[in-house]
Structure formats: structure tokens, C-alpha cells
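Presented below is the structure to which this report refers.
The values are calculated or read from the model by the stated rules, or taken from the named source; none is laboratory data. This is a predicted model, so every value here is computed, not measured. Don't worry about glycine lacking a Cβ; one is built from the backbone with ideal geometry, like all the others, and counts go over all protein chains shown.
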Amino acid sequence: MEQDILHLFMNGGANVAFAAFLWHQNREQQTRADEREARQEAKEKELRDRYDKVIADLQVREDQMRNEIKKEINDLDKRMTVLEASVQNVVRIVEEIKQRFVTVR
């Protein structure tokens with residue numbers, strides 16, 4: 001096979017040299033294209049990673065806000081229950097006072 005290639009180079013003239021040049025140029029362009037594709041994939045991966053991080057951060061913030069709101073609602077519910085009990089106690093005391101004034105007349 002080496003003899004065939006050597007024979008082509010020796011007897012092929014300008015066409016063989018041109019074909020060798022084209023082959024070499026094609027290899028270089030393919031190498032550059034592969035490198036460009038690898039860089040593009042790396043940039044895309046970096047963007048995806050940043051996007052995933054932003055989404056994860058937003059989800060964490062949303063969960064925290066949801067938990068804080070639940071806690072505040074529970075606290076307000078407890079305070080309302082205490083306030084309701086206090087109002088009922090005041091109403092009972094007012095009723096007792098009214099009864100005393102009614103019996104005193």
C-alpha cells in the first residue's frame with residue numbers, strides 16, 4: 001500500500017498534491033469545527049447550570065415564604081382564639097354586671 005501511495009505522489013503530479021492539500025485542509029476544518037462545537041456545548045452546559053441554580057434558589061425562597069406565611073397564619077389563628085375567649089369572658093362579665101343592676105332596681 002505504501003508503494004501505491006508513493007507511486008501516486010511520484011506520478012500523479014499536481015492533482016495528487018492538490019488532493020493532499022484538500023485532505024489536509026479538510027482535517028484542519030474538521031478539527032476546528034469539533035473544537036467550536038465543544039466550546040459551544042461547554043457554554044450551553046454553563047448556562048443550563050446557572051439556570052438550574054436560579055430555579056432551585058427561587059424554589060427555596062418560595063418554600064421559605066410559604067412556610068413563613070403558614071406560621072404567621074397559625075400564629076394569627078392562635079391569637080384570634082385567645083381574643084375570642086377574652087371577648088367571651090368580657091361578655092360574660094358584662095352580663096353579670098347587667099344582672100346585678102337589674103336585681104338592684
Is it the case that region 65-74 has a residue that's in a helix (DSSP H, G or I), surrounded by 10 or more Cβ atoms within 10 Å (Cβ to Cβ) and at pLDDT below 95?
no
Only one of Asn11, Asn26 is surrounded by fewer than 10 Cβ atoms within 10 Å (Cβ to Cβ) and of a type outside the set (Val, Ile, Thr), namely Asn11
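Which of the residues belonging to region 21-44 are of a type in the set (Asp, Glu) and either modelled with pLDDT under 95 or over 30 Å from Phe9 (Cα atoms) (or both)?
Correct list: Glu35, Glu37, Glu41, Glu44.
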Kindly evaluate Ile55 against the criterion of being at pLDDT 95 or above, aliphatic (A, V, I, L, M), within 28 Å of the chain's Cα centre (by Cα) and assigned to a helix (DSSP H, G or I).
yes
